[in-house]
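The values are calculated or read from the model by the stated rules, or taken from the named source; none is laboratory data. Quick caveat: nothing in here was measured; it's all calculated off a predicted structure. Here the Cβ positions follow ideal geometry from the backbone for every residue, glycine too, while neighbour counts run over all protein chains shown.
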Amino acid sequence: MFRSIVRNFLGLLGVLIVCYSRTTLGAEPEATSGEWKLISTRDNVALYRRSRPGPGHYESKAISEIAASTPIVHAVIDDAESYSRFMPYTVECRVLKREGDSMLTYQRISAPLVSDRDYILLIRTTSRAVEGGTSYLVRWKTENGSGPPERPGIVRVGLCEGGWLLEPAGPNLTRATYSIYTDSGGTIPAFIKNAGSQIGIRKIFAAIRTQARNPK
């Protein structure tokens with residue numbers, strides 16, 4: 001039972017979406033500034049990390065294939081209203097505004113043993129025709145001043161930026177690249193952040209794969 005609780009705890013910390021790394025585990029290669037280092041290939045997700053100046057310390061990138069076309073995968077990612085149903089540990093996600101290819105969302109993450117985290121994200125999407133279909137680039141950053149105020153008992157995440165690059169890799173196949181740079185706030189031990197970020201990113205890919213098999 002204790003091991004199960006710890007696994008769930010680590011999963012949450014990575015999802016802060018799902019999103020942070022500070023110091024390396026002993027068996028992992030050190031990443032110099034600007035240089036991506038492969039640290040895991042579990043669950044068919046290639047996970048990379050590099051150091052980056054600022055409070056987040058490390059930026060993560062993950063690459064994997066999803067058995068669905070890029071429009072279907074993009075539709076899953078764009079369906080923020082449904083995140084609380086399928087995204088790991090997302091208990092609340094509200095679209096505050098949609099305008100053209102942009103949307104403003106409020107998201108709250110919750111799991112055992114730690115305080116809830118929340119943030120407001122401004123998300124922008126661009127697309128273009130490429131060989132084999134359409135590619136999508138989704139980028140986000142925190143816009144905490146454009147949404148609900150902080151609430152007691154919930155840690156407001158001040159830094160969360162990242163994105164998705166979705167590229168056709170064949171008939172009904174998408175090469176998905178996920179990137180994240182964040183500071184989760186609060187006092188969470190660095191070694192837990194590292195392990196949690198890896199678990200959380202893999203859970204995000206698993207959730208999107210499952211959702212893409214049953215698109216709206």
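Quick notes on this structure:
- The condition of being out of contact with any Lys or Arg (no Cβ under 6 Å at 6 or more places or on another chain), among the hydrophobic types (A, V, I, L, M, F, W, C) and outside any helix (DSSP H, G or I) holds for only one of ILE77, ILE63, that being ILE63.
- Enumeration of residues in the range 138-172 that are touching a residue at least 40 places away in the same chain (Cβ under 8 Å) and surrounded by 18 or more Cβ atoms within 10 Å (Cβ to Cβ): VAL138, GLY147, VAL155, VAL157, LEU159, CYS160, GLY162, TRP164, LEU166, GLU167, PRO168
- Residue match in the range 1-22 (condition: at pLDDT 95 or above, assigned to a helix (DSSP H, G or I) and closer than 30 Å to SER127 by Cβ): no
- Per the conditions (1) modelled with pLDDT of 90 or more; (2) farther than 18 Å from ASP101 by Cβ; (3) under 15 Å from the mean Cα position of the chain (by Cα), the sole criterion not satisfied by LYS141 is (2).
- Among residues of the range 114-137, those that are under 12 Å from VAL157 (Cα atoms) and free of Cβ contacts under 8 Å to residues at least 60 places away in the same chain, counted: 5
- Looking only at residues of the range 83-114 that are of a type in the set (Gly, Ala, Ser) and surrounded by 14 or more Cβ atoms within 10 Å (Cβ to Cβ), we find that the one that is nearest to TRP140 (Cα to Cα) is SER84.
- Restricting attention to the range 109-138, the residues that are more than 25 Å from GLU99 (Cβ to Cβ) and either modelled with pLDDT of 95 or more or out of contact with any Ser or Thr (no Cβ under 7 Å at 6 or more places or on another chain) (or both) total 10.
- Meets criteria (of a type in the set (A, V, I, L, M) and crowded, with 18+ Cβ neighbours inside 10 Å) for ALA176: yes
- Inspection of the range 195-211 identifies at least one residue that is modelled with pLDDT of 90 or more, in contact with a Leu (Cβ under 9 Å, 6 or more places away or on another chain) and outside any strand (DSSP E or B).
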